[in-house]
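Readers should treat all values here as calculations from the given coordinates under stated rules, not as data from a laboratory. This is a predicted model, so every value here is computed, not measured. Because the Cβ atoms are built from the backbone with ideal geometry, glycine has one as well, and the counts that use them run over all protein chains shown.
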Amino acid sequence: MSAPAFDIAATDGAARTGVLRTRRGDIRTPAFMPVGTAATVKALTVDQVRATGADIILGNTYHLMLRPGPERLERLGGLHRFMRWEGPILTDSGGFQVMSLAGISKVKEEAVTFRSHIDGSRHVLTPERSIEIQANRLGADIVMQLDQCVSWPAEEPAAAAAMRLSDRWGRRSKTAFGEREGQALFGIQQGSTFEHLRRESSDRLVEAGFDGYAIGGLAVGEGHEAMCRVLDYAPGFLPADRPRYLMGVGKPVDLVEAVARGVDMFDCVLPTRSGRHGQAWTWAGPVNLKNARFAEDDTPLDPTIECPASRDYTKAYLHHLVKSEEILGQVMLSWHNIAFYQALMGAMRAAIAEGRFGAFRKDFHARLQPGS
């Protein structure tokens, strides 16, 4: 097949539900992609991840290029075979590390130069090398352009320079990607919290032409309200007939508000990171299983979710595992959190299809505990 097709089945306001069709299966949107940074969704097997209802997972180019290495992964049959995940995989480009590892990276027009956080070895990542790793070595189904993401708060000149460098890198990424059967290339909108820069970035991306479009440079410290203000306009600058992917987001309330503004795809480490630290996400917000009030709570986290960790074990048992620092506690809460996120996405898809997303959104906010 050619590049994945995106079919929008229904809309409700700006919210949309549909299907992104790939060579390895359909992705129901809105979609949440569990993050498999180093060829694993932390603490979970691929069978557990699949059983939560996830259609697609994300892999991290920066981490995989350092260990085990892209050429080794290619020799071992690519990322899908290596980790035994048969569904679609989206790989990020490594660009986020330009910001998050600023102390050990240097950005120039030609490339990003990294010092490995593992052993200090020097690595050079160009747009062309990023595409080669993602598309050829890892075999990703959805490939991201290399971009530069600025930290927050950002001065307008710095945000503008990074956005325009990202545009040049995006065009180089597109040339390197070429025409590929069954693989897609997404461009990334940048511009920090400056509306005119987001518009300029989008105009440049659309002129270049990509299979899908991501909204980058958010969830970097600006907070929920500032993020929502950007999302009031940023998705609308992107083509309506292509998938829109909000990178690195987020809390359940972030997902609901982004879907309300026209976003289709998400990824975030939060569900598994929270699970490893004793926190479960629920319809009422986050729950800290370390809390003594759960020591004799004989109820499950959520009997309506088709996940053993959500349905079959009591909060008292999960509290015991967390307090005892048993590895199983990290597994169970990570498993539940991924399952909850998938249940949330499924509920939003159904609400949009049935024309009741506004009521769903209102009810979602009403159920949240203060501070969620």
- Check: region 275-367 dipole with +1 on Lys, Arg Cβ and -1 on Asp, Glu Cβ, in debye: 420 debye
- Task: Rank Pro308, Val287, Val331 by how far each Cα sits towards the positive end of the charge dipole of region 275-367 (+1 on Lys, Arg Cβ; -1 on Asp, Glu Cβ) and give me just the farthest.
- Result: Val287
- Message: I'd like the Karplus ³J(HN,Hα) series for region 117-129: coefficients 6.51, -1.76, 1.60, θ = phi - 60°, whole numbers in Hz, and an x wherever there's a Gly or Pro.
- Response: 6, 8, 9, x, 5, 8, 9, 10, 10, 9, x, 5, 5
- Item | Sorted by Cβ neighbour density within 10 Å, fewest at the top, the residues Tyr213, Tyr317 | Tyr317, Tyr213
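Within 10 Å, count the other beta carbons around each residue, average over each peptide in 170-178, 125-133, 214-222, 333-341, and list them highest first. Please report the intermediate quantities before stating the final value.
Details: 170-178: 19.2, 125-133: 21.9, 214-222: 24.0, 333-341: 26.8.
Those peptides, ordered most packed to least, come out 333-341, 214-222, 125-133, 170-178.
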- Dipole in debye (nearest 20) - region 104-194, about Cα centre, beta carbon charges: Lys, Arg +1; Asp, Glu -1: 240 debye
- Residue-count net charge about Pro308 - beta-carbon cut-off 13 Å; Lys, Arg +1, Asp, Glu -1: -3
- Please list, in chain and number order, the residues 5+ apart from Ala31 or on another chain whose amide H is under 5 Å from its amide H, with Hs placed from the backbone. Met265, Phe266
- Amide H neighbours of Gly285 under 5 Å, at least 5 residues apart or on other chains, H built in the peptide plane: list them. Gln369
- Task: Could you sort 13-20, 318-325 so that the peptide with the highest average Cβ count within 10 Å comes first and the rest follow in order?
- Result: 13-20, 318-325
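If you average the sequence gap of Cα pairs under 8 Å that are 6 or more apart and divide by the length of region 185-291, what percent do you get for the contact order?
Working: 147 pairs, mean separation 22.6, N = 107.
Computed over region 185-291, the figure is 21 percent.
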- Item | Neighbour-count ranking [beta-carbon atoms within 10 angstrom, fewest first] of Cys228, Cys307 | Cys228, Cys307
- Exposure-ranked with fewest Cβ neighbours within 10 Å first, Arg75, Arg137 stand as Arg75, Arg137
- Item | Translational D in µm²/s for region 76-137 (Stokes-Einstein at 25 °C, 0.890 mPa s, Kirkwood Rh from C-alpha pairs) | 188 µm²/s
- Query: Assigning unit charges at the beta carbon (Lys, Arg +1; Asp, Glu -1) and nothing else, what dipole magnitude in debye, to the nearest 20, does the chain show about its Cα centre?
  - Reply: 520 debye
- Please work out the Cα center distance from region 157-180 to region 244-260, rounded to the nearest Å. 24 Å
- Query: Angle between the Cα long axis of helix 327-353 and the longest principal axis of the chain, 0 to 90 degrees, nearest 10?
  - Reply: 80 degrees
- Query: Between His277 and Ala10, what length in nm is gained on full extension when 0.36 nm per residue of separation is reduced by their alpha carbon distance?
  - Reply: 92.3 nm
- Item | Hydrodynamic radius by Kirkwood, which averages 1/r over all alpha carbon pairs of region 82-191, in angstrom | 14.6 Å
- Query: How big is D for region 5-268, in µm² s⁻¹ as a whole number, if Stokes-Einstein is applied with the Kirkwood radius of its Cα pairs at 4 °C and 1.567 mPa s?
  - Reply: 71 µm²/s
- Relative contact order as a percentage, region 5-268, C-alpha pairs under 8 Å and 6+ apart, gives 18 percent
- Query: Percent antiparallel among DSSP beta bridges with both residues in region 139-293, to the nearest 5?
  - Reply: 25 percent
- Query: Among Gly358, Ala14, Leu44, which residue has its Cα positioned farthest towards the positive end of the charge dipole of the chain, with +1 placed on the Cβ of Lys and Arg, -1 on the Cβ of Asp and Glu, and the dipole taken about the Cα centre?
  - Reply: Leu44
- Query: Which cross-chain or sequence-distant (5 or more) residues have an amide H under 5 Å from the amide H of Ala9, H modelled 1.01 Å from N in plane?
  - Reply: Thr17, Gly18, Val19
- Among Trp169, Met265, Phe82 - extreme Cα towards positive end, dipole of region 5-268, charges at beta-carbon: Phe82
